[in-house]
Amino acid sequence: ARPEAADGRPGPGHEDFRPRIVPYYRDPNKPYKKVLRTRYIQTELGFHERLFVAVLTSKATLNTLAVAVNKTVAHHFPRLLYFTGLRSAKVPHGMVLVAHGDERPIWLMYETMHYIHQHFGSDYDWFYIMQDDTYAQAEQVKTLVTHLSINQDVYLGRAEEFIGGDEQARYCHGGFGYLISRRLLLKLHPHLDSCRNEILSVRPDEWLGRCIIDFLGISCVSQLQGQHYHTYELSKNTEPEKEEEEGFQAALAVHPVSDMTLMYRLHKHFSRIQLDKAYQEIQDLQMQIRNLTSLTPAGEAGLTWPVGINAPFLPKSRFEVISWDYFTEHHLFSCTDGSPKCELSGASKADVSEIIESALEQLNSRYQPLLRFSKRQLLNGYRRFDPTRGMEYTLDLLLEAVTQKGHSHVLAKRVSLVRPLSKVEIIPMPYVTEATRVQLVLPLTVQDLDFVANFLDMFAMNTLDTHDNALLTLLFIYHPYDAQRVSQVDVFAGVKAMVGELEKRYAEVKIPWISVKTEVPSQVKLMDIVSKKHPVDTLFFLASVWTEINMEFLNRCRMNTISNWQVFFPVHFQEFNPALVYRGEQTASSSTDFLRDGHFDRHSFAEACFYNSDYMTARTKLAADILDRDEVLDGMEVFDVFLHYSGLHLFRAVEPGLVQKYALRSCNPRLSEELYHRCVLSNLEGLASRSHLAMALFEQEQANST
């Protein structure tokens, strides 16, 4: 604790912790200069990331011990890099490697410290340096740095004496890892060259320790600010599962780890320790909640199950009721494709198997040794996702109960389980802006001619008049018969005339068109033609003639589409047939009736936002798969290309800014059966809601009866 003044206020050692208000002063003699704000408020306030981890490896152990480190602790650290002198021909997947070109240990340490300062010195508060033969408890290291002050020179690790050196000076043993603060790194960097030239040592950790002591006067410590850096040195033929020493159980870092198998065994052992601690903490918290519940206004009746988990969602009307999905051990009776019954497979099968196994484990732990249960059959299974708490399950199990004397009895038991929502993670995404130019692509057939005028009017009003950074390309799809007569009668002559009027009204705008002759307007084949005529960095918006373009959606198209990362397939809002919905009444215009007038058409994949480079990459993989069988493309959409032949995120979400008026689509029977069936379903579901259809049938029966 720092000394305090006589009046109880903080003493002179507390200046760094006092908030200070810096008054704004502007020199009237200097011209005004616009202040440039940073992109993120975190940068402007000077916040840094918490922890950077560097792993020292070598060419000989890169594919063994370094891989084991990467599989055990890498996903726990926010940023982890591997440093080596020479690299092998192939770098293991998922590892970021920095090769310095020299295997000398001192040179490797010098170059590593220099690289960390140059690339990450201004971004992180703490730097943890370890070897690939070290097992570190990642969560313990992260917890340690949260309890240390960043405003001090910290050199923390396993303190070791120099051979033949000063008895007071200590260096941090590299095998057990060590922690360096950003403040210390900034002070050390100007002296690294002098240390390289003046200090002779065989061990890189000893060389670094000597450098810090000689030029900064700071020695390694194993305890700081009440925090201990516990380590444990493994002996030969150690069995982690049988090791019961208190020092081993509390170790933050263990060394030396001789092979990959031992690394995995250590990780399993310490993970089990952390898991047991977590379960014990949960039990303690649940006991406290039970004890305090009687003091609440609701009393013990307000105690929810499981204790500590949010209560189930209470619907306010029948429309908010969350339905249960029925399943057995082999079939699911609520399928994604709408069929009433489908085979239980994949993640759903694994989920059901795990839930049944967990139910038996809980029953046996509760009733043993008096009874031992084994499963005969799953009679009934129900599950539903409650967004307030997680996945809920109800199982009817046919069990065989065996007593201690060996007597058995078959009984049915109903159990309830909850898989609660775990910690929410924010997924890092690349930064995108709303300034990107959008290239609209509009395919047109003869059946679309009645809707082109409205599309062009909306495009002009919402993009050209507002000077939005968007361009339009028309794709005229001629039937072979119409293509032969184009010199006499051009079916798209009216559309071309409208385009000419727009170009006259907006002198700076050019709307090009591309003519294509085909009987089967495959979306992929059409996109192949458009893709070749635009640069690779073009952001495409594949539109339909019924789409009403607006600035709100175009901005979401820009923000939701990320090059080499994500493509966006919006689900447009389809208005119902007004003849069935209103039956002669005036169309509702209030916002409260908006969703009543239509639905989000999940069967349509006509609209899409993606970059040309991503499409070309996926299209190349598709071409290698189908070879010369171009007829396969007739049964595919752009969505299928990205789904099966790209590793990108496919973001499909409802888009209220993309509204389409009701129109009966023309379904081409020459397309694949799936595409034709999807088009028919879109038309049928777009007629009206079930209540509207029921009312129309009721009125028709009333009219027939009279």
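For region 43-262, DSSP calls about 45 percent of its internal beta bridges antiparallel.
Annotation note: trypsin sites (Lys or Arg not before Pro) in region 22-130 located in DSSP loop regions with a Cβ neighbour count of at most 11 within 10 Å are ARG26, LYS33, LYS34, ARG37, ARG39, LYS90. The alpha carbon centroids of region 223-283 and region 368-402 are separated by 35 Å. The structure shown yields Kirkwood radius over Cα pairs in Å, and of the options (1) 32.7; (2) 27.1; (3) 43.5 that calculated value carries the label (1).
Note on ILE163 and PHE698: the model spin-label points, each 7 Å out from Cα along the C-beta direction, lie 9.4 nm apart.
As a size descriptor, the averaged projected area of the C-alpha convex hull of region 142-249 was calculated at 8.5 nm². Counting only Cα atoms, the size of region 432-591 along its three principal axes is 49, 48, 34 Å, in decreasing order. Just how far, in whole angstrom, is region 510-582 from region 608-652 if you go by their alpha carbon centroids? The two parts, judged by their Cα centres, are 15 Å apart. Note that the chain presents 58 Å² accessible area per residue, ligands and nucleic acids not counted, probe 1.4 Å.
Sites listed here are chymotrypsin sites (Phe, Trp or Tyr not before Pro) in region 37-142 whose DSSP assignment is loop and whose Cβ has at most 16 other Cβ atoms within 10 Å: TYR40, PHE47. The relative contact order of the chain comes to 7 percent, based on Cα pairs under 8 Å that sit 6 or more residues apart. Ordered from longest to shortest, the equivalent ellipsoid semi-axes for region 43-262 are 24, 21, 19 Å, each the square root of 5 times a Cα gyration tensor eigenvalue.
Where both partners of a DSSP beta bridge lie in the chain, what percent of those bridges are antiparallel, to the nearest 5? That works out to approximately 60 percent antiparallel. Taking every alpha-carbon pair within region 255-390, the share separated by more than 22 Å comes to 65 percent. Over all Cα pairs of region 383-454, how is the pair count split among 10 Å bins, expressed in % and running from 0 up to the last occupied bin? Spelled out bin by bin, region 383-454 gives 12, 16, 14, 15, 17, 11, 8, 6, 1 percent. Using the alpha-carbon positions of region 563-706, Rg (one decimal) and Dmax (whole number) come out as 19.5, 66 Å. Using a cut-off of 24 Å between Cα atoms, the listed pairs LYS525/LYS621; LYS142/LYS268; LYS349/LYS375; LYS532/LYS621; LYS242/LYS349 include LYS242/LYS349 as exceeding that distance. Each peptide among 309-321, 523-535, 207-219 gets the average number of other Cβ atoms lying within 10 Å of its residues, and from highest to lowest they stand as 207-219, 523-535, 309-321. A P(r) calculated from all alpha carbon pairs of region 325-420, with 5 Å bins opening at zero, reads 3, 13, 22, 22, 17, 11, 7, 4, 2, 0, 0 percent.
Share of the chain's accessible area from carbon and sulfur, percent, 1.4 Å? Taking all protein chains in place, the chain shows 54 percent carbon and sulfur surface. In the chain, the DSSP-assigned H stretches of four residues or longer account for a calculated mean residue ellipticity at 222 nm of -10000 deg cm²/dmol, using -39500 (n - 2.57) per stretch and the full residue count as denominator.
The values are calculated or read from the model by the stated rules, or taken from the named source; none is laboratory data. None of these values were measured; they are calculated from a predicted model. Backbone-built Cβ (ideal geometry, glycine too); neighbour counts: all protein chains shown. Just the protein is used for accessible areas: all its heavy atoms, side chains included, with ligands, DNA and RNA removed. Shrake-Rupley method; radii C 1.70, N 1.55, O 1.52, S 1.80 Å.
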